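Note sheet for the following structure.
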Amino acid sequence: MSDPIPRRTPAPGRARKRAIREHAARAGVAYSEAARQLESVGLRPGETLSRYGRTIYPIGFDPHRQLLVERRERRSFEERVSDTRRAAILPHGRARHLVERFPPSRGRTGSGVGSLYHGEGREELLSMLYIVIVAESPGLLPEVGDLAWIAELGEDTALDTACADIDREARRLLGQDPLALWSSIQQALTVAERIVDGQVRQEAIRQTALLSTMMTPRLGYAGEPYVPGLPVAGARQILDALLIVADDGHAPGTRVRLLTQPHDARSATIIGARWGSSGPPVGYLVWVDGATAPLSARPDDLIVLADQETLPR
């Protein structure tokens with residue numbers, strides 16, 4: 001009887017080298033840099049520093065959202081073209097497109113994170129933001145003919161490229177103080193109601209009525225008056241996810257691990273991004289599991305947990 005073939009003993013460091021190669025490919029960095037990162041912060045398999053990579057549709061805890069995202073990914077070419085044609089119509093068409101493209105979600109149970117990409121009136125607020133841009137920064141607007149031509153490609157990202165300036169400006173507007181934002185919208189709607197473009201003018205008239213409704217006091221369950229206000233958080237998260245499509249980063253809902261004291265090694269959820277004038281996020285707003293308030297973090301202070309993307313590319 002022949003002797004059994006001895007099992008091959010793994011060469012020392014082979015698993016580590018494979019992990020370095022995989023991290024280098026995932027993060028888009030050199031092998032030496034990947035090795036340094038793995039050693040310096042103790043990255044586990046599949047994890048990356050949040051400065052690298054991209055998460056657009058984080059694995060969430062809302063099965064309905066998951067269904068909507070997967071269904072959207074399976075659209076036919078005709079459906080894609082129909083969607084991009086609508087997305088090319090400013091202001092209201094693109095606003096509706098974005099709300100449908102990034103549906104509501106929710107945080108992990110027990111994390112303290114509630115609804116994400118949520119809030120009544122998100123579509124209306126986004127439309128108002130584009131009207132502000134029409135009134136205040138018309139030079140940022142892409143040519144209507146260019147948008148119509150690009151829409152026939154049926155590619156969301158091609159249209160995103162054409163609308164990159166106005167999308168980033170819309171996100172910047174949402175960074176204003178709520179009262180300043182409300183004032184900017186009111187002034188822009190007044191200007192837009194006199195604009196020659198009939199489509200913009202009609203939308204401005206409609207949004208003026210909606211804004212008045214949003215800001216009108218109502219009575220709560222206990223009879224106390226309250227103002228619903230603008231769904232700023234949900235609109236911000238939609239635009240954060242949109243900008244990440246082109247510039248990389250990690251969308252709200254992405255699960256991370258912190259590297260800084262006093263929260264070292266604790267898990268958290270990204271609930272927003274901070275942007276510069278160009279490029280990927282310069283920081284994130286995160287909610288540490290079980291916390292009562294969010295905190296700001298630099299990209300180098302966060303590790304993105306493994307397998308966060310719903311639709312890996």
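Every number here is computed from the coordinates shown, using simple stated rules; none is lab data. All values derive from a computational prediction rather than experimental measurement. We place every Cβ from the backbone using ideal geometry, glycine too, and count neighbours over all the protein chains shown.
So what is the relative contact order of the chain, in percent, for Cα pairs below 8 Å that sit 6 or more residues apart?
23 percent
Once the other residues with Cβ under 15 Å from the Cβ of Gly145 are scored (Lys, Arg +1; Asp, Glu -1), what is the net sum?
After counting each charged neighbour, the total is -3.
Would you mind checking the stretch 214-243 for residues with the amide N under 18 Å from a putative spin-label position 7 Å along Cα→C-beta of Arg274?
233, 236-237, 240-241
Once both axes come from the Cα atoms, what is the angle between helix 198-214 and the longest principal axis of the chain, in degrees from 0 to 90, rounded to 10?
Roughly 80 degrees, rounded to the nearest 10.
When Phe102, Phe77, Phe61 are ordered from fewest to most other Cβ atoms inside 10 Å of their Cβ, what list results?
Neighbour counts put them in this order, fewest first: Phe77, Phe61, Phe102.
Taking neighbour Cβ counts within 10 Å as the exposure measure, how do Ser76, Ser184, Ser115 sort from fewest upward?
Ser76, Ser115, Ser184
Ignoring GluC sites (Glu not before Pro) that are buried or in helix or strand per DSSP, and keeping those with at most 14 other beta carbon atoms within 10 Å, what is the longest stretch of the chain between them?
After excluding every exposed loop site, the longest remaining stretch is 156-313.
Compute, for the chain, the length of the dipole vector about the Cα centre, with Cβ point charges of +1 (Lys, Arg) and -1 (Asp, Glu) only. Units Debye, rounded to 20.
So the magnitude is around 1180 debye.
Hey, what do the phi angles of the stretch 149-166 turn into as Karplus ³J(HN,Hα) couplings, whole Hz, using 6.51/-1.76/1.60 and θ = phi - 60°, x for Gly and Pro?
Each residue of the stretch 149-166 in turn: 5, 5, 4, 5, 6, x, 10, 4, 5, 5, 5, 4, 4, 5, 9, 4, 5, 6 Hz.
Within the chain, what percent of beta bridges assigned by DSSP are antiparallel, to the nearest 5?
90 percent
Using the Cα centre of the chain as origin and beta-carbon charges of +1 (Lys, Arg) and -1 (Asp, Glu), tell me which of Ala235, Ala293, Gly28 is placed farthest towards the positive end of the dipole.
Checked the options; the winner is Gly28.
Which one, Thr254, Thr48, Thr216, has the greatest fluctuation when you compute a Gaussian network model over the chain with C-alpha springs under 10 angstrom?
Largest GNM mean-square fluctuation: Thr216.
GNM on the chain, C-alpha springs below 10 Å: top fluctuator among Leu179, Leu285, Leu258?
Ranking Leu179, Leu285, Leu258 by mean-square fluctuation puts Leu179 first.
What's the local net charge at Arg266, with K and R +1, D and E -1, over the other residues with C-beta under 11 Å away?
Combined, the nearby Lys, Arg, Asp and Glu give -1.
Name the most mobile residue of Leu67, Leu174, Leu302, meaning the one with the largest mean-square fluctuation, in a Gaussian network model of the chain with Cα contacts below 10 Å.
Sorting by GNM fluctuation, first place goes to Leu67.
In the stretch 149-224, which trypsin sites (Lys or Arg not before Pro) fall in coil by DSSP and have 11 or fewer other Cβ atoms within 10 Å?
For trypsin sites (Lys or Arg not before Pro) across the stretch 149-224 that sit outside H, G, I, E and B with at most 11 neighbouring Cβ atoms in 10 Å, the list reads Arg194.
What dipole magnitude, in Debye to the nearest 20, does the stretch 223-278 give about its Cα centre under +1 on Lys/Arg Cβ and -1 on Asp/Glu Cβ?
For the stretch 223-278, the charge dipole is close to 160 debye.
Go ahead and estimate [θ] at 222 nm for the chain from helices alone: -39,500 (n - 2.57) per DSSP H run with n ≥ 4, summed, over the residue count, rounded to 500.
After summing the helix terms and dividing by residue count, I get -14500 deg cm²/dmol.
Between Ser115 and Ala148, how many nm apart are label points set 7 Å from Cα along the C-beta direction?
If labels sit at Ser115 and Ala148, their model points lie 3.8 nm apart.
Once Lys and Arg get +1 and Asp and Glu get -1 on their Cβ, which of Ile271, Thr208, Gly53 lies farthest toward the positive end of the dipole of the stretch 53-304?
Farthest along the dipole direction, towards plus: Ile271.
Assuming R0 = 41 Å, what is the FRET efficiency of Arg108 and Arg206, from their Cβ-Cβ distance, to the nearest 0.05?
Using R0 = 41 Å, I get an efficiency of 0.60.
Between Ile195 and Phe77, what is 0.36 nm times their sequence separation minus the Cα-Cα distance? Round to one decimal in nm.
39.0 nm
So, counting K/R as plus one and D/E as minus one, what does the shell of residues with Cβ under 10 Å around Val245 add up to?
That works out to -3.
Can you find, among Ala158, Thr190, Gly110, the residue sitting farthest towards the positive end of the charge dipole of the stretch 53-304, where Lys and Arg contribute +1 and Asp and Glu -1 at Cβ?
Result: Gly110.
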